[in-house]
Amino acid sequence: MRKSVKMILFLVLAVFVLAVIALVFAANYMFTYALDSQFGGGVDIKSFEVLPGSVEEWLVQNSSMESMESHDGLNLKAYFIPAATETNKYVLLVHGYKAGPLSMAPYAQHYHQLGWNVLLPHHRAHGASEGRYIGMGWLEHLDMLGWISLLTEKAPNAAIVMHGVSMGSATTMITTGSEQLPSNVKVAIADCGYSTVTKEFSHQLKDLFGLPPFPIIPATSLVTKLRAKYFFSQVDSVAAVTQSKTPTLFVHGDKDDFVPFAMLEEVYQAAACPKEKLVVTGAAHADSREVAPELYWETVDAFVSRFME
């Protein structure tokens, strides 16, 4: 009898140990797959094709490279395009996950044609900036505060618009919820940002691998804290906009299945700031500007003009 009990206990312990090993492996794999810029060689986030005569070539040819040291000692880079005529208007363009500032070139050209100064940071672990791990908006919002500080040191009267897409939208929302945000930031455009990274990764885990969020998401959050110094719970756009006073235009395409369209209502309803929303019919993820360019820019420009001095 005792041998049977011992055998059962041994088997239970063995199953438990194997389950823990499998969970540790799965969490580390998810972290590496999603957040380590060296996974797969980092090709997608280190390069962007620049074709002759393209808007990307215009950006590169008309910009200078700015540098900044992050709070954790990384050398970060940004393209800067000065306005043709001196002005205190600046736009900070915040690119998405595994993209780069060149993906924001059409946005840069639009604002520059309106007479604005344009700053396009390369996120940490992207493009010309140092870093290995992607912060999904948390680490990046600290970097954005640094870039804003750099702008206001050079131009104390700067009136700044933040315009972010996808992860850049989440970064923008989290930045506007920071107590450290200076009053120079007048307006935010949050285009297809996720409500929380926990919900976004849970959605992707189910969509890509058919797996439930528990226990992989909590375990991956712990791995992320150990390796990249933040928990998933910190990447919370909903909580951020409840603290924000920055007028914000929320944009989302109703055919977005990468960052689910339903997340628009989560952030919009939670926002305590002056706000509007734009739903672009037929637009998939980050495609609102391309699907309906006139509607997009008419709405953005009208919203920005309401709050700029």
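Give the relative contact order (percent, whole number) for the chain; include only Cα pairs under 8 Å separated by 6+ residues. Walk me through the numbers before you get to the answer.
On the way: 578 pairs, mean separation 45.2, N = 309.
It rounds to 15 percent for the chain.
Measuring from centroid to centroid over Cα atoms, what is the spacing of region 254-284 and region 211-241 in Å? So the separation of the two Cα centres works out to 22 Å. In the elastic network of the chain, a GNM with C-alpha springs shorter than 10 Å, the most mobile of K77, K89, K206 is K206. Using Cα atoms only, what is the angle between the long axis of helix 167-176 and the major principal axis of the chain, expressed in degrees (0 to 90) to the nearest 10? Result, in degrees: 70. Computed over protein heavy atoms with a 1.4 Å probe, the carbon and sulfur contribution to the accessible area of region 140-277 reaches 58%.
The charge dipole of the chain, taken about its Cα centre with unit charges on the Cβ atoms of Lys, Arg (+1), Asp and Glu (-1) only, comes to about 1480 debye. For region 222-309, the Kirkwood estimate of the hydrodynamic radius, built from every pair of different alpha carbons, is 14.5 Å.
Start at zero, step by 10 Å, and the Cα-Cα distances of region 87-194 spread as 16, 52, 30, 2 percent across the bins.
Sequence-distant contacts, meaning Cα pairs under 8 Å at least 6 residues apart, place the relative contact order of region 36-156 at 29 percent. When the C-alpha to C-alpha distance is required to be over 28 Å, the pairs from K186/K225; K199/K255; K77/K277; K89/K225; K199/K277 that qualify are K186/K225; K77/K277; K89/K225. Among W138, W116, W58, the largest mean-square fluctuation in a Gaussian network model of the chain, built with springs joining Cα atoms closer than 10 Å, belongs to W58.
Picking from D207, D254, D191, which is most flexible by a Gaussian network model of the chain using Cα springs under 10 Å? Result for the chain, Cα springs under 10 Å: D207 fluctuates most.
The values are calculated or read from the model by the stated rules, or taken from the named source; none is laboratory data. Owing to the predicted nature of the structure, the values given are computational and were not obtained by experimental measurement. Every residue, glycine as well, gets a Cβ built from its backbone with ideal geometry; the counts of neighbours run over all protein chains shown. Note: accessible area is taken over every heavy atom of the protein model, side chains too, but ligands, DNA and RNA are not part of it. Shrake-Rupley method; radii C 1.70, N 1.55, O 1.52, S 1.80 Å.
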